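The values are calculated or read from the model by the stated rules, or taken from the named source; none is laboratory data. Since the model is a prediction, treat every value here as computed from it, not as a measurement. Positions of Cβ are generated from backbone atoms using ideal geometry, with glycine treated the same way; all protein chains shown enter the neighbour counts. What goes into the accessible areas is simple: the full protein's heavy atoms, side chains included, and nothing from ligands, DNA or RNA. Shrake-Rupley method; radii C 1.70, N 1.55, O 1.52, S 1.80 Å.
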Amino acid sequence: MVKTPLDLASTVLSPLLLLLLAAGGVCAAELDALPSGDLEKAAVSAKGTAESATAPDAGEPGENSAAEEPGGEVTETTPEGTGVSAAEPADEAVSQGAGEPAYVPEDERQVEVLERKGGSLGYNFVFGDDNRGRALEYGFLKSSRSGGLFYRHMEKDTNLELEGFYLNENDYHGDLLMDYRGDYRLHLRTESLYHNLDREILFSPSFEGPRTDAPGSATYSAEQDAPAHYGVSVVQDRADFRYRLHNYPLHLNLGYWRYTKEGTIQQRFADASFEGEANTVYARPRSIDQQIQEGRLGLDAHLGPVDLVYDFKIRYFEDRLPTPVATYIARNDIHGNLERLGGEQQHNENPDSRFFSHTLKLHTSLSGGLVGSASYSVDQRENLSDLSDVTGARHMKVYLQNAAGDITYTPCREYTFALKYRRQELDNGNRGALLSANFVDPLQVVKAPLETTRNLVTGTVWYRPRHDLSFVGEYRGDFVNRDNVSDLPSPTTWALPDHSATHTGSLAVYYRPFKGVRSSAQYSYASTDNPAYGASFKERQEGKLLLTYTGGRWGVSTHALIRHDRNDEVTHFVLNTLDPLDYSTMPLTSRHGSSENANVGAWWMPLPKLTVGFNYSYLHSEVEQPVFFTTVVVGSEADSRFSNSSHVYTVNVSYALGEQCDLSLMAQQIRSRASFSPADFSSAAYAGSSTAGISGITAQDTVISALSARGEYRFSRVLSTTLEYTLRDYDEKNSQNINYQTYNGMVHAIVAGLAAKW
């Protein structure tokens, strides 16, 4: 996003500068202003006294009279003749005159007005070395002015809250909330975030490989883009309005959501095929300017025994830049005949699309022993592709239907039963012949998309024998049916099972032995009869443990998750012939996966104003399975293992240095490793094909360090200053792959600001 910092900053700095100058004047004069509510009371009291002094004569019917008592005190005389000081509150006067408080209607009740406001001004210094985008992945890497403001006004019928902060032209947020008597509610929000992206380094030098359309070999090379900084700015704007029909149980909800993405990315694409002598992989910069807009209309009403909710959404995605174009070379088929034409061709389109959704929900009262709910939604997504050399995809539609029903029954305090049902149907329609001007035969045969039906049934039982002990048992059945599938791959169908059923059972225990302690344990087992993909599981076991304790001056929290997946029915296919395509099934292979995640955190207050916290996290996952390394023929696969692990250490310290100063410090280090280790393998059919060296060039050993220190000093109740320093460092330790070293970098950020609030 290209913006001038003055465009946004000037709107913040000018009013806030006046705000801070005014606040500084108040501090210099050492004024201790009354809260706004006290000022209002004083004004009302003074106004009442003045009105009493000029009241009509007491002889007029229905009017109060003011008389001056001995000593100069002004009093009011009610029709009943009771004299009360005009400075006393009305409720107290009634109580003293009649002996008991009188009922005041809600519309006439007096509520104290609460008002708070403030703002800040500052500057954000950003500097560093090497690849700063990897060190600070989400953050704009330029120094800028910063500022913020907030305003809160709460009274009897109206609430207003305004809050915003500006760090730079690509990192800011603002929020406005207005409410009038609960009948009208408006919420506006805008926020922006910058994402730094990597510049990938392609392979070098070029190498040779086989070709199938003619004798000889083919050359594979890469065209690298020039060094550049890649990143995108993401902006979200949201507006929600709710109207309640006064004294009627009906709400009208209107909403608008806008999502934009602007910037530059690295586009990687290839003009490569086994049929041809020259094959090239490209890396080029590509500008991004995309927008999503969504509108929402909803109604909800309380209709006696049930509540009714209707929601309508329309969403439109638009790529506001043209599709990239590149020059491709002509390609033959495996017999050496011309199949694909060369020349300028479009590639990597982000097609525009349109989405509609209607949702209807019903539910009974959420209190009571029996609660039921049901919903139905129908969605439609339409492809609005605008390619000029390919036709047939525009106006393709996908229909999605979802139905759900829930019943919860609580016969007594000890037991609760719940039954949930979900159904989803995915259909494709309005698909024509796919024609491409880039082929000798424009009519292209493509696979039909999958159409699925999914049913999900969940049954849950809660048992609470005591207030501090609970047991939860659950069964979950997931049933999927697919169309356009077959046992073997083909040009028109997908090699997937036509149905899959997954059954999952779990048992959880929640226990609170004494005050401050919470613990839970859960175990689940799942099995699938027909795993759909190689990464799917046939059996899964999972265990979770949680234990927390919170005392007066210290606390600890631990959490662990262990998961093990097994699939002994991984399907691979052998390619028999290319023309026509013909496959056969290889013997089944197995895939094993496991993961362990654990977290331990503790905090301690050795002194009343000092808090120390420590947290350690461990994440590990490992997968073992055969992988193809040359082509899909018997003997071209080798057992492989991929593993990655991370250790995260975090220390937090905060200290209140007296009543005017707060200090905090945070230090964190992440140490992660990843490796891909195939078994030794070499191919006699392809000279030089070997797995040797793959482990070394793919291994990663990364250390990410972060340090943050913050201090705040309050000159007075109104004026304060803050100073924050942040260091982020990204360091790749693997020296065998020089490309990884290009990601190393360090960023320093200093934010200094002056704030006022009253």
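Across the range 546-561, what is the total count of residues that are over 26 Å from the mean Cα position of the chain (by Cα) and open to solvent by 70 Å² or more (accessible area, probe 1.4 Å)?
Looking only at that region, the number is 5.
Does the range 198-244 hold any residues that are under 15 Å from ILE265 (Cβ atoms) and part of a strand (DSSP E or B), and which are they?
Selection gives TYR230, GLY231, VAL232, SER233, VAL234.
For every residue, the table says whether it meets (1) of a type outside the set (Phe, Trp, Tyr); (2) open to solvent by less than 30 Å² (accessible area, probe 1.4 Å); (3) free of Cβ contacts under 8 Å to residues at least 40 places away in the same chain.
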| residue | (1), (2), (3) |
| --- | --- |
| TYR230 | no, yes, no |
| HIS251 | yes, no, no |
| ASP271 | yes, yes, no |
| VAL306 | yes, no, no |
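Quick check, is THR264 buried (at least 17 other Cβ atoms within 10 Å of the Cβ), among the β-branched types (Val, Ile, Thr) and farther than 29 Å from LEU581 by Cβ?
When the stated conditions are applied, THR264 does not pass them.
Taking the condition touching a strand residue (DSSP E or B) at 6+ places or on another chain (Cβ under 9 Å) and more than 30 Å from ASP333 (Cβ to Cβ), does ASN438 pass?
no
So, in the range 382-428, exactly how many residues are assigned to a strand (DSSP E or B), polar (S, T, N, Q) and in contact with a Lys or Arg (Cβ under 6 Å, 6 or more places away or on another chain)?
Residues in the range 382-428 being assigned to a strand (DSSP E or B), polar (S, T, N, Q) and in contact with a Lys or Arg (Cβ under 6 Å, 6 or more places away or on another chain): 1 in total.
Please find, among ALA752, ALA756, ALA706, the residue that is at pLDDT 90 or above, of a type outside the set (D, E, K, R), open to solvent by less than 30 Å² (accessible area, probe 1.4 Å) and more than 26 Å from TYR618 (Cβ to Cβ).
Selected residue: ALA756, the only one of ALA752, ALA756, ALA706 that is at pLDDT 90 or above, of a type outside the set (D, E, K, R), open to solvent by less than 30 Å² (accessible area, probe 1.4 Å) and more than 26 Å from TYR618 (Cβ to Cβ).
Restricting attention to the range 521-545, which residues are open to solvent by 30 Å² or more (accessible area, probe 1.4 Å), part of a strand (DSSP E or B) and among the hydroxyl-bearing types (Ser, Thr, Tyr)?
TYR523, TYR525, SER527
Residues that are touching a strand residue (DSSP E or B) at 6+ places or on another chain (Cβ under 8 Å) and farther than 30 Å from ASP213 by Cβ: which strands (runs of 3 or more DSSP E) entirely in the range 551-624 hold 3 or more of them?
554-570, 589-607
Inside the range 357-381, can you point out the residues that are assigned to a strand (DSSP E or B) and either open to solvent by 60 Å² or more (accessible area, probe 1.4 Å) or touching a Pro at 6+ places or on another chain (Cβ under 9 Å) (or both)?
HIS358, LEU360, LYS361, LEU362, THR364, LEU370, TYR376, ARG381 - these are the residues of the range 357-381 that are assigned to a strand (DSSP E or B) and either open to solvent by 60 Å² or more (accessible area, probe 1.4 Å) or touching a Pro at 6+ places or on another chain (Cβ under 9 Å) (or both).
Taking interchain pairs and intrachain pairs at least six residues apart, which have beta carbon atoms under 7 angstrom, with the first residue in the range 577-592 and free of Cβ contacts under 8 Å to residues at least 24 places away in the same chain and the second surrounded by fewer than 14 Cβ atoms within 10 Å (Cβ to Cβ) and not charged (D, E, K, R)?
Between residues of the range 577-592 that are free of Cβ contacts under 8 Å to residues at least 24 places away in the same chain and residues that are surrounded by fewer than 14 Cβ atoms within 10 Å (Cβ to Cβ) and not charged (D, E, K, R), the close pairs are ASP582/ASN576.
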